[in-house]
Structure formats: C-alpha cells, structure tokens
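Student: The structure is given below, and queries will be raised subsequently.
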Amino acid sequence: MENVRILCYTRLPLEDAIYAEKLAYSIHLAIGEDGETFEALNKNQGVLFVKATSNEDGTLNAKSLKRPYLKMFEDGSFGVLAERTEPDGTPEVPDGTLMFFASDDLISYEEVGEVNTLIPTEELTRMIEEYREFYGNEKAEKTGAEGSVAGGENPCVDAFGIAGCVPGNQIVVPETVAKKLRLRLTTPVNVKVEVPELVCAGSVEELTAVKATAVYSDGSTAVKQVKWNTEAVDFSKPGIYEIEGTVTQPHYDFPIATNHADPCIGYWQGKYYFIATYDADHEHTMYIREADSIPELVDAEEVLILDSVTYPGIGGLLWAPEFHIIGEDLYIFHAATPGEFFCEESHVRKLRRGGNPMCKEDWSAPMRVVRADGSELCEAGKTITLDMTCFEYNGEYYAVWSQRQFLPVDQGAWLYIAKLNPEEPWKLVTEPVVLSKPEYGWANNHTFVDEGPFALIRANKVFLTFSSAAVDSTYVVGLFEAEHGTDLLNPDNWKKTNFPILTSRSVEGEFGTGHNAYVTDENGDVWNTYHARPGIDAPRSSGIRRVHFNAAGYPVLDMTEEMDIAPKLRTVKMKVEVR
C-alpha cells in the first residue's frame, strides 16, 4: 500500500471525570485506506493541544481547539489550522481565533501562532481559503457549527465508527508517514517469540542461560527469561533432544497496594525497597518494605520510617518519597509541612553509613532543600515545593521539582530544574530554571498542575516523565526528552510531547494514572511504578508494569502483560545437543 488516508477530528466530551471538554476539544487523528473506514490512533485521544495564553502576573488562561483542517504541503511537511476556543469550546472571540500549527510528522507540532499575526505566505493563504471553503460560508462559521465530512454545518457524531468523532477533513499521505504514526500512536503487541533452533549444553545451568526474544508489532524486541523443562535431557548421554520451555515474566495484579500513592522502588546493596505516600491516614506516616526481588515486595511487611510527630517542623502531608543513590549514600527525597498545605516543602533524608534502611533511627532528620547560599528555596506560606526528584547525568546531579506560587496569585504548579550538590544534596548549586508550565488542556484539566517528575536515561536521550492535572480520575503522565550532550538547564533543549503518554484510557480499569518512578531489575528490565484508581472514585493505589521501548526508542507505559507476551506464544521449543 503506497498511500493511506489520515482523518483529523475532535470529539464530543463525555462525563467530566472520563473525557472532559479540555481533552475532547483537541486534534485527534485516525488512519484508513478507503476514506470510509478509519482506525482511531492514540486510543482515540488527542494528539495536538493548543497552549494556554499567559497573563502579566504569570497566571494562565486555558484554551481548547475546534474545527481542525489538515494539509500536506509539497515538501512533505504538514500544516494544521484550527479555531482556538475557550476551554469549554465556546468561541474565544465572535469570529473565532484561527491558529496555525506546523509539523514534520504529525507527531510533534510547532504552534506557529494566530493566523492574523503571521506573514501570509502563498501556501498558508491557499490553506486558509481551503479551510473556509471546507467549513462553509460566513454564516456557518459564526454559528460555531462543527464541520462534517463534506464541510457542512451539521455535526457528524460517531463518524467512521469512531466514538464521539466530530470530523474535520482527511488527506492522503505516504505509507512512510503512516508507519511512523502507527509506531508512536499505537501500543506494540507481541507477535512472535524466538529461541535458538539448536543449542549445545552440558548442564541444566547452561540451558537456564538460554533466553527468548519477544518480537513486537512495531519491530521492537525484548529479551525474556525461559523456564526450560529439562527432564527429557540426559546430560550423560550424547545426542540431540527436543525440549519445551515457558516464557516467564513477573505477574502483578492491580493494585499491588491500596491507598498507596506516588510509589517508588529502589535497589540498595542487594535488596529492593518500596515506599509510597500513605493515603489511609491522610499522609501522616510513611512506610517502607524490603525484599530480595521486586515481586516479593508485594507481600512484604511494612515498617514505619517517618511520621508527623517525631521531628520539629514535620507535621504532616508526607508526600512522594523517592529513593536516590548519590555517590556512596542512599537518600529519601520527600515533601512535608509543619502543619498546613501552604507550607509544604521538599526535604531530604540520608541513611547513615552502614545503616539499615528498614530502621527509622538510621535515617537522618528531614533536611529542607535550600539554595546554594543556604537560604530557603521558597517562602513557606506563599510558595510550596514538592515531588523533588534527582538524577545523575555526565557526572553531575540534577534536581527537578514541582513549585506552586499561591501569593499574591495562584500561578499553578510548574516544573523547575537545577543542579544540586552531591555532597549535600539538599543544597542546590545553580539557580532554578522553569522547565514546564501546565499549558495544555490535559495538564490544566480541573487544576493547573505539572508535578511528579522522574528521569529515565537511555543511550541517546534523557527522558523525563511527569504528571499533570488534578489528582483525580483525569490525572495523566506527560513526557519530556532531551538529546545527550545538550545543556539540561536550557529549557530550549527539552522537547515536550504535545499529548500525554499514560491516561485513564490507556489500560482498562485504571483511572487517573500518574506519578511514575522507574527501577531496573537484575535482568535489565525497567519497571514503572505508578499510582492509579481501580475505579473513578476509588482510592489512589500502586501499580507496576514493565516499561517497553518501541522501535523508535520511546518508552511505552501501557503495555499490559498479555500485550507483552501473548498467551498463545508462551510455550517455546528448541533442540539441545549433548556432546
């Protein structure tokens, strides 16, 4: 197939807790062959959101998009025209504000700006004319009518069999473009499991080392452990034997811990440790678990590691603990307050050398994070900080955290980045730099919040996931990426994906997914710990799932166990030669 068709559309909102207006009024994409049947990409979620506008006092005005129009230019690049609206979809101004976006691949977009402020190039002028023709006459535009397939006035809801679809236009693109879209906007599934056809082995131990390779629909792969049935092999007798094996992977029910939010697993001196925010007592205590493996943490005993009465200045709201190894020492980064929410600030605890992480007396008192000169990072009561994370890159340590100014105006929660002192990691060594604001509809849904950052460093990129929106059923996970070798303190070197990569629509039965942390196990697999709700109004609870990296190298956070290894492919066979 040389060419395929791409449909752009918006959706009708569902219940506010399911798919609110700020989510539905964004640009969605679907792919098809004949122009009549389409498959929604990105699980029928938006892929292009418009930025909020800014006020002089730093506050943001949320915005939405309607009436999209997509075009491929002669050079193979793309343009999108859409009307910027108020968050609820009502016109921003009587005649609408037409926005232009540019893209090379329909995955990443540049918000070029309002059409009436741009230089009217020949291509853009022609595209605007096409847009107006597609959406009808001036009367139709002023009514705010949605465009149907033919550009008429009446909305065509659930068009092409896509739930809630309010279609814009469709275009023909090369298969190479479609392939990239499928790669980034669909979740890979296991399609094949490969093992060697023949191996030479002289012992059970040698067979145990033989692994399988899982192959996925996008061409990516993952190495898997195999439990081989060796009963039919006589290692004392030369010959060729055929054996079966079962591809194994840890199984985790969701949730693994109810009322545990913001979970984090750390590895320290041969043991795994689990820690989380404890919602059951309104975040007044913090518990830790220890085990020899990650699966064993699920049923491990919990031990109190911090409470709201032991230390002066630590009165409650013990939030988002994370393990971090800096140099030769283990630390816990977390947030706490003397009492009220408006005094919540980031803190650090250090495990004494030779200490036991399960013994609360072996941890230092919480130390509040400060600037290089020792002054407070923020003025308590006016600005809060929380969800501070830490990562090492090129021999230097960085902190990223969420910070929210409440006075004189509430600006919402923004992400900041700075270098920190590895000898005293509660001290920053550079001035904080704004990395992200909750500018997209999925980040300011119900409240303006970017929080919960955590780094995931790969061979060629530094990924940073973060969480956005209210901590309810609409909580989501966003993604930043930076190329290796770039200055991480320069916000221009970070690229934010326009759409969230984990939401309530990613995995059935998990609502408000967010606040990720990552750990690598003894086999080299990366695991994502996160919290979600097993029902719209259910308590925040911890989950764990393997992080897959697709053929483009991007993290996939919604690959379920059945997608990871197809049940029908779990049994494998190979021949063993005993010499």
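Student: Could you go through segment 532-539 and let me know if any residue there is outside any loop (DSSP other than H, G, I, E, B) and in contact (Cβ under 8 Å) with a residue 12 or more places away in the chain.
Tutor: Scanning segment 532-539 turns up at least one residue that is outside any loop (DSSP other than H, G, I, E, B) and in contact (Cβ under 8 Å) with a residue 12 or more places away in the chain.
Student: Would you say Gly543 is free of Cβ contacts under 8 Å to residues at least 60 places away in the same chain and not polar (S, T, N, Q)?
Tutor: It is false that Gly543 is free of Cβ contacts under 8 Å to residues at least 60 places away in the same chain and not polar (S, T, N, Q).
Student: May I pose another question? For segment 206-311, which fully contained strands (runs of 3 or more DSSP E) count at least 2 residues that are over 30 Å from Trp363 (Cα atoms)?
Tutor: 212-216, 221-228, 239-248
Student: Can you tell which of Asp88, Asp34, Asp105 is closer than 21 Å to Glu439 by Cβ and among the acidic types (Asp, Glu)?
Tutor: Asp88
Student: OK, next. In this structure, is Leu70 under 23 Å from Trp494 (Cα atoms) and touching a Gly at 6+ places or on another chain (Cβ under 8 Å)?
Tutor: So Leu70 does not fit the description; no.
Student: Against the condition within 23 Å of Tyr216 (Cα to Cα) and buried (at least 24 other Cβ atoms within 10 Å of the Cβ), how does Leu502 come out, does it pass?
Tutor: Yes: the conditions hold for Leu502.
Student: Failed condition for Gly89, given (1) in contact with a Ser or Thr (Cβ under 7 Å, 6 or more places away or on another chain); (2) of a type outside the set (Val, Ile, Thr); (3) crowded, with 21+ Cβ neighbours inside 10 Å, with all others met?
Tutor: For Gly89, the exception is condition (3).
Student: A further question on this structure: Residue check, Phe160 against (1) at pLDDT below 95; (2) in contact with a strand residue (DSSP E or B) (Cβ under 6 Å, 6 or more places away or on another chain); (3) at negative phi; (4) of a type outside the set (Gly, Ala, Ser), all met but one. Which one?
Tutor: It fails just one condition, (3).
Student: Among the residues of segment 173-205, write down those that are assigned to a helix (DSSP H, G or I), crowded, with 19+ Cβ neighbours inside 10 Å and among the β-branched types (Val, Ile, Thr).
Tutor: Scanning segment 173-205 gives a single hit, Val177.
Student: Return a yes/no flag: does segment 94-106 have any residue that is more than 20 Å from Met127 (Cβ to Cβ) and either of a type outside the set (Ser, Thr, Tyr) or in contact with a Lys or Arg (Cβ under 7 Å, 6 or more places away or on another chain) (or both).
Tutor: Yes, that holds for at least one residue.
Student: Okay, moving on. Could you list, in sequence order, all residues of segment 66-100 that are of a type in the set (A, V, I, L, M, F, W, C), in contact (Cβ under 8 Å) with a residue 40 or more places away in the chain and within 19 Å of Arg11 (Cα to Cα)?
Tutor: Leu70, Val80, Leu81, Ala82, Met99
Student: Whether any residue in segment 463-474 is surrounded by 22 or more Cβ atoms within 10 Å (Cβ to Cβ), among the acidic types (Asp, Glu) and closer than 26 Å to Gly512 by Cα is what I want to check.
Tutor: Checking segment 463-474: not a single residue is surrounded by 22 or more Cβ atoms within 10 Å (Cβ to Cβ), among the acidic types (Asp, Glu) and closer than 26 Å to Gly512 by Cα.
Student: One residue is enough: does segment 286-300 have a residue meeting the conditions of a type in the set (S, T, N, Q), crowded, with 17+ Cβ neighbours inside 10 Å and farther than 18 Å from Glu345 by Cβ?
Tutor: There is no residue in segment 286-300 that is of a type in the set (S, T, N, Q), crowded, with 17+ Cβ neighbours inside 10 Å and farther than 18 Å from Glu345 by Cβ.
Student: Further question: Is it the case that segment 337-353 has a residue that's over 25 Å from the mean Cα position of the chain (by Cα), outside any strand (DSSP E or B) and closer than 14 Å to Glu424 by Cα?
Tutor: Yes.
Student: Looking at (1) at positive phi; (2) out of contact with any Lys or Arg (no Cβ under 7 Å at 6 or more places or on another chain), which is the only condition Gly412 fails?
Tutor: (2)
Student: Could you count how many residues in segment 540-554 are touching a strand residue (DSSP E or B) at 6+ places or on another chain (Cβ under 9 Å), of a type outside the set (Lys, Arg) and part of a loop (DSSP other than H, G, I, E, B)?
Tutor: 5
To keep it simple, each residue is scored yes or no on (1) under 26 Å from the mean Cα position of the chain (by Cα); (2) outside any strand (DSSP E or B); (3) not β-branched (Val, Ile, Thr).
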site: Val50; (1), (2), (3): yes, yes, no
site: Glu56; (1), (2), (3): no, yes, yes
site: Lys66; (1), (2), (3): yes, no, yes
site: Gly76; (1), (2), (3): no, yes, yes
site: Glu83; (1), (2), (3): no, no, yes
site: Leu98; (1), (2), (3): no, no, yes
site: Ala102; (1), (2), (3): yes, no, yes
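Student: If Ala336 satisfies every condition in (1) small (Gly, Ala, Ser); (2) in contact with a Lys or Arg (Cβ under 6 Å, 6 or more places away or on another chain); (3) more than 16 Å from Cys264 (Cα to Cα) but one, which is the exception?
Tutor: (2)
Student: Give the residue that is nearest to Ala320 (Cα to Cα), with candidates limited to residues of segment 358-367 that are in contact (Cβ under 8 Å) with a residue 40 or more places away in the chain and not hydrophobic (A, V, I, L, M, F, W, C).
Tutor: That would be Pro366.
Student: Could I ask something else about it? Thr53: under 30 Å from Trp414 (Cβ atoms) and either surrounded by 22 or more Cβ atoms within 10 Å (Cβ to Cβ) or not aliphatic (A, V, I, L, M) (or both), yes or no?
Tutor: Taking the combined requirement at face value, the residue satisfies it.
Student: Among the residues of segment 245-270, which ones are surrounded by fewer than 20 Cβ atoms within 10 Å (Cβ to Cβ) and closer than 25 Å to Lys211 by Cβ?
Tutor: Thr246, Thr248, Gln249, Pro250, His251, Tyr252, Tyr267, Gly270
Student: Take Gly144 and tell me if it is small (Gly, Ala, Ser), surrounded by fewer than 19 Cβ atoms within 10 Å (Cβ to Cβ) and modelled with pLDDT under 95.
Tutor: In short, yes.
Student: Among all residue pairs at least 6 apart or on different chains, which show Cβ distances below 8 Å where the first residue, located in segment 15-39, is closer than 19 Å to Thr187 by Cβ and the second is at pLDDT below 95 and loosely packed, with under 15 Cβ neighbours inside 10 Å?
Tutor: Close Cβ pairs (under 8 Å, with a partner that is at pLDDT below 95 and loosely packed, with under 15 Cβ neighbours inside 10 Å) amount to Phe38/Gly161.
Student: Between Ser108, Ser54, which is free of Cβ contacts under 8 Å to residues at least 60 places away in the same chain and closer than 25 Å to Glu481 by Cβ?
Tutor: On inspection, the qualifying residue turns out to be Ser54.
Student: Moving to a separate point now. Can you tell me which residue among Gly524, Gly553 is more than 17 Å from the chain's Cα centre (by Cα) and either of a type in the set (Lys, Arg) or surrounded by fewer than 16 Cβ atoms within 10 Å (Cβ to Cβ) (or both)?
Tutor: None of the other options fit; the residue is Gly524.
Student: For segment 210-234, name all the residues that are among the acidic types (Asp, Glu) and under 13 Å from Asn550 (Cβ atoms).
Tutor: Asp218
The values are calculated or read from the model by the stated rules, or taken from the named source; none is laboratory data. What you are looking at is a predicted structure, and each value in this text was computed from that prediction instead of being measured. Ideal geometry is used to build each Cβ from the backbone, glycine not excepted, and the neighbour counts take in all protein chains shown.
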